[in-house]
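A short write-up of the structure that comes next.
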Amino acid sequence: MNPADYDAWYDSERGRWIGETEYGLLVRLLGPRHGERVLDVGCGTGWFTRRLAGRSSLKMTGVDLDLSWLKFAIQRDSSSNYVQADALRLPFADETFDCVFSVTALCFIQDWSRAFREIIRVTRRRFAIGLLNKSSLLWREKGCHGGTGAYQGAHWHTEKEIRHSLASLPIGRIELKSAVFIPDGSRTARLAEQLTPNAFLHGAFLVVAGEK
C-alpha cells in the first residue's frame, strides 16, 4: 500500500471511527502536557503525529525508516519535525522527550522488545505503545495463519509477553487497556465500544503505558 492510500483510509467512515477510537485511548494514557516534547516512533504517514501537533502546543517529532512515507508526512504537516530513523537505534540522547508513543509499528519489528527498550530510554516522563492484540476478534479475522492484507507478517501481542518484556525496565505505574472490540465499524460495534470498559483486554488495539 502506498502512503496516500493508507492515509486516505482514515477518511473512510470505518477508518475514521477506528482512528478516532485509537487516538482517544492513546492520548488518555499518554497524558501529554502543554508545551511538552513528544516523539512518535514508527509514525508512517504522520496521521497520529498531526493529530497531537495541534494539541496544547506540543513539540512533535515523528520517526520512521521508510523515506517515502516520511516525505508524505512532511507534505501534510509543516509544524512537526520528521526524522528517518530505525526504532531499534533511535538517534536521540536518553530522556530527550517528555512523552513517547507508537501506534502498531512495533508489531512489524522482529526484535520488538528491543524497540520497547529504546522507547523507554528516550522517554523522560511517560510512554504509551499501541499494539495488535492476539486476544481479539480482529486477530481471528485477519491475524491468524500469518495474517492477511495489511496485517500480513504482523506480530500480535499478548498481555503476558508484554509484561514479561517490561519487567526489567526502569518504569512504573504500568497500565494495559484496549479498544476496538468489534472492528467492522458498524452501529453494533460503536455501541459495544461505548459499553465495554477499556480494562477488558480483548480489543484489537492494545495499549501499554507507564512512566519513568
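Below, the figures for the structure above:
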{"quantity": "In order through the range 125-141: 3J(HN,Hα) via Karplus (6.51 cos²θ - 1.76 cosθ + 1.60), integer Hz, x for Gly, Pro", "calculated": "10, 8, 9, 8, 10, x, 10, 7, 9, 5, 8, 9, 5, 4, 4, 5, 7"}
{"quantity": "32 Å Cα-Cα threshold exceeded, pairs from 142/212; 160/212; 142/177; 59/142", "calculated": "142/212; 59/142"}
{"quantity": "Net charge of neighbours whose Cβ lies under 12 Å from the Cβ of residue 136, counting Lys and Arg as +1 and Asp and Glu as -1", "calculated": "+1"}
{"quantity": "Only Lys, Arg (+1) and Asp, Glu (-1) charged, at Cβ; the range 1-123 dipole about Cα centre in debye", "calculated": "280 debye"}
{"quantity": "Kirkwood hydrodynamic radius over Cα pairs of the chain, then Stokes diffusion coefficient at 4 °C and 1.567 mPa s, in µm²/s", "calculated": "75 µm²/s"}
{"quantity": "Net lengthening on full extension, residue 173/residue 187 (0.36 nm per residue, minus Cα-Cα)", "calculated": "1.6 nm"}
{"quantity": "Contour minus Cα-Cα distance for residue 59 and residue 94 (0.36 nm per residue)", "calculated": "10.9 nm"}
{"quantity": "Where labels lie 7 Å past Cα in the beta-carbon direction, separation of residue 160 and residue 28 in nm", "calculated": "2.8 nm"}
{"quantity": "Solvent-accessible area, 1.4 Å probe, carbon plus sulfur percent, for the chain", "calculated": "49 percent"}
{"quantity": "Mean residue ellipticity (222 nm) of the chain, computed from DSSP H runs ≥ 4 via -39,500 (n - 2.57), nearest 500", "calculated": "-9500 deg cm²/dmol"}
{"quantity": "Solvent-accessible area per residue, Å², over the range 1-68 with all protein chains present [probe radius 1.4 Å]", "calculated": "44 Å²"}
{"quantity": "Share of alpha-carbon pairs per 10 Å distance bin for the range 23-75, given as whole %", "calculated": "26, 55, 19, 0"}
{"quantity": "Inter-part distance where the range 35-70 and the range 85-160 are each reduced to a Cα centre, Å", "calculated": "15 Å"}
{"quantity": "Peptides ranked, highest mean first, by Cβ atoms within 10 Å: ranges 121-134, 181-194", "calculated": "121-134, 181-194"}
{"quantity": "Cβ charges +1 (Lys, Arg) and -1 (Asp, Glu), total dipole of the chain, debye", "calculated": "500 debye"}
{"quantity": "Positive dipole terminus of the range 26-79, leading residue within 41, 69, 27 (C-beta point charges)", "calculated": "27"}
{"quantity": "Inter-label distance for residue 68 and residue 113, nm, one decimal - labels placed 7 Å from Cα along Cα-to-Cβ", "calculated": "3.4 nm"}
{"quantity": "Stokes-Einstein D (µm²/s) once Rh is taken as the Kirkwood radius of the range 38-130 over alpha-carbon pairs, at 10 °C in 1.306 mPa s", "calculated": "124 µm²/s"}
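The values are calculated or read from the model by the stated rules, or taken from the named source; none is laboratory data. As the structure is a computational prediction, the values presented were derived from the model and not from experiment. Backbone-built Cβ (ideal geometry, glycine too); neighbour counts: all protein chains shown. Ligands, DNA and RNA are stripped out before the accessible areas are found, and what is left, the full protein with its side chains, is counted by its heavy atoms. Shrake-Rupley method; radii C 1.70, N 1.55, O 1.52, S 1.80 Å.
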